[in-house]
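Just below is one structure, and these are the notes that go with it.
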Amino acid sequence: MSWNFDNPPFSSGAKNLKDVLPHICLVILGSIGLYVLKSLVSYIGVLRQVKGLPTRHGLFPAWEVGLRPRLPHIPWLFPVNSFYTRPEFDIYQSSQSDLLAFTVLALPTRPVYFIGSPQLAKYICTKTSSFGKASFEKRYENIRQFGSNIVSAYDGEEHRRHKNAIRGCFGEEIFEKVWEKMTEQVDTMLIEEKVDEGGVIRDVAKLMIKVTFAVTGEAGFGEKIPWNIQRSNGEGEMPFVESMEAMDESLLLQFLMPSWVLKVVPSLRRYGRARRDYLKHTHKLYQNRREQLISEDDLSSKPPKDILGALAHSQIIAERGASSSSDSKTQIGGKGYGKSVVGLSEEEVISDMCDAGHETTGHTLAFILANLALYPEWQDELYNEIKDVCGDDEPNYRNMNQLPLCLAFALESLRQHDVARLIFKYATEDVLVPYSTWDKGGSNVIQKQHLMKKGSLIGLDLPACQKNPYHWTETDQFNPRRHLSGKEGGGEDVPYLGFSLGTRACIGKRFAEVEMVSFMARIIPRYRIKIKKETEGEEEGWEQSRKRMIDTAYEDLTLTPGKFDLIFENRE
Ligand code: HEM
């Protein structure tokens, strides 16, 4: 090859580039134009799909729990006030419909619906042929950073594997242990906070998180959690319990931020270390538990009473069953492309252990205590129930099912102050859904139907469903009896959404119920719980106290109670 100096390749390239540049620009602009046109066409399609429903429009999706109360309300950009109000049913009441629609320009391919009807929410949770969990949503993707886990698993095989393994661990033995651990933890709290003989307990919500953290830690990992956790000096490996506590403190960050951010930002480094060391410790704990169980060889004996041990136990049994029956088509854990999968991989077990659920229970306990102080007449009823069942004996797990009013009190507290807030489903096929409208005065309720197209995103607005006045009678009244079974007992036949419903309902529901009833059965016979006024000697009416304890709750990852204290007055 030789150079042609009259027309060197370099200059001919430049000339060619000059020639083709307009074409390249045209292609790029054309593609952008086509994309915009396509988005516009699908956005118009979305507008047509929601025709007839009260609809709000915005540029960005901004309804995520924890994010929405922090965003300013900017109409057409982040119309926050149109999907988040306190009281939560107000947006439905003023729109005169329990089904609302949102269109989002940045999400032009699908409409988004918000549902404030418990009946419709139940329909969506339980009609698995038409609806699924929206595991593709950002919040679930974030949780998946830790590995495949039950909360974010896609419906079908992935979810089934997790659920089968975990459900097997939540037996009566674990619940009995939960009851006992809660009793112990309440006693520890009373002694450590120096209120054993009565006194003031300070910052109730924070204390309740400490209590449930310890119960979940012990029931989950079989590890003793001290009341006061020492902080290490920031060098070397963080001890397990400290890493667990720091993970807990930073749950929202852990779910929202990629791990590198926690390594780079100086003020967040402690949480980055916590994540690294927590995962290291849990892997080690799991491996130790496995080795110990394998060395015992006899797995026919009862499984360990902590969840991690029970998961290791069921995993070994599943693996042994698979290897004795099977062939190269079986794989342990993981995704199992083209293979049948048995049990969970180690990473999946660890990831499941990150979804402990103690924050939801801790916050509900704080609301339970506030309600005990606000409604002393109910406190007396609960006292009588516990005394009728247990006399002077200490309540124990065998009494769990004999204390329906205690459980009902907990459920009513959760109904009034729903901690889980908003969960997402999507339509897997075109489906007609029933909904209700009413006139301005709130009467003349009419049943209607709306066609939800395949792919529609559906937000189940749990607090709105739990307070919907067209389903619950006197919804603002604190009335635990509405959760008792049967109309004679005062029970109401309304779907209860606090733990969601259907195949993706809370697997820890019974766990949480046992924690709450055990807590109440330990506290109520010994103390009268009373309001602690903000400033002693000052007049504070009941409504003011209620506002200070209840209306100061704010939305984070879950509904978080504000700061308030209470008096524990010894009954003797
Ligand atoms: C008062 C306490 C609790 C409340 C209000 C609550 C509420 C909920 C709700 C509403 C869901 C559905 C979430 C969704 O669809 O995205 C859920 C799921 C779940 N909860 Fe709870 N929860 C509580 C306590 C617990 C506890 C104590 C545990 C574990 C020990 C737990 C473990 C789970 C798990 C693993 C799931 C996912 C289930 C699945 O997808 O199959 N929860 N919870």
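The values are calculated or read from the model by the stated rules, or taken from the named source; none is laboratory data. Keep in mind that this is a model prediction, so the values were computed, not measured. We place every Cβ from the backbone using ideal geometry, glycine too, and count neighbours over all the protein chains shown.
Against the condition of a type in the set (A, V, I, L, M, F, W, C), surrounded by fewer than 20 Cβ atoms within 10 Å (Cβ to Cβ) and either at pLDDT 95 or above or touching a helix residue (DSSP H, G or I) at 6+ places or on another chain (Cβ under 6 Å) (or both), how does ILE550 come out, does it pass? Taking the combined requirement at face value, the residue satisfies it. Could you say whether any residue in the stretch 355-368 is farther than 30 Å from MET247 by Cβ and either in the same structural domain as PRO480 (by TED's automatic domain parsing) or not small (Gly, Ala, Ser) (or both)? No; the residues of the stretch 355-368 include none that is farther than 30 Å from MET247 by Cβ and either in the same structural domain as PRO480 (by TED's automatic domain parsing) or not small (Gly, Ala, Ser) (or both). Could you list, in sequence order, the residues of the stretch 227-254 that are of a type outside the set (S, T, N, Q) and outside any loop (DSSP other than H, G, I, E, B)? Listed by number, the residues that qualify are PHE240, VAL241, GLU242, MET244, GLU245, ALA246, MET247, ASP248, GLU249, LEU251, LEU252, LEU253.
Here PHE114 meets each of (1) farther than 24 Å from SER436 by Cα; (2) within 16 Å of the ligand (Cβ to nearest atom) with one exception, condition (1). The requirement of being assigned to a helix (DSSP H, G or I), more than 16 Å from GLU385 (Cα to Cα), among the β-branched types (Val, Ile, Thr) and within 18 Å of the chain's Cα centre (by Cα) is fulfilled nowhere in the stretch 537-550; no residue meets it.
Filtered by the rule that a residue be among the aromatic types (Phe, Trp, Tyr) and near the ligand (Cβ under 7 Å from one of its atoms), the stretch 502-526 gives a lone residue, PHE511. Looking across the stretch 75-99, the residues that are in contact with a strand residue (DSSP E or B) (Cβ under 9 Å, 6 or more places away or on another chain) and among the β-branched types (Val, Ile, Thr) come down to VAL80, ILE91. Within the stretch 146-172, the set of residues being more than 9 Å from the ligand (Cβ to nearest atom) and under 12 Å from SER351 (Cα atoms) comprises PHE146, GLY147, SER148. Close Cβ contacts (under 6 Å, 6 or more residues apart or on different chains) running from residues in the stretch 460-478 that are part of a loop (DSSP other than H, G, I, E, B) to residues that are of a type in the set (D, E, K, R) comprise THR475/LYS467.
Checked against (1) at pLDDT 85 or above; (2) over 30 Å from ASP439 (Cα atoms); (3) surrounded by 15 or more Cβ atoms within 10 Å (Cβ to Cβ), LEU100 passes all but a single condition, namely (2).
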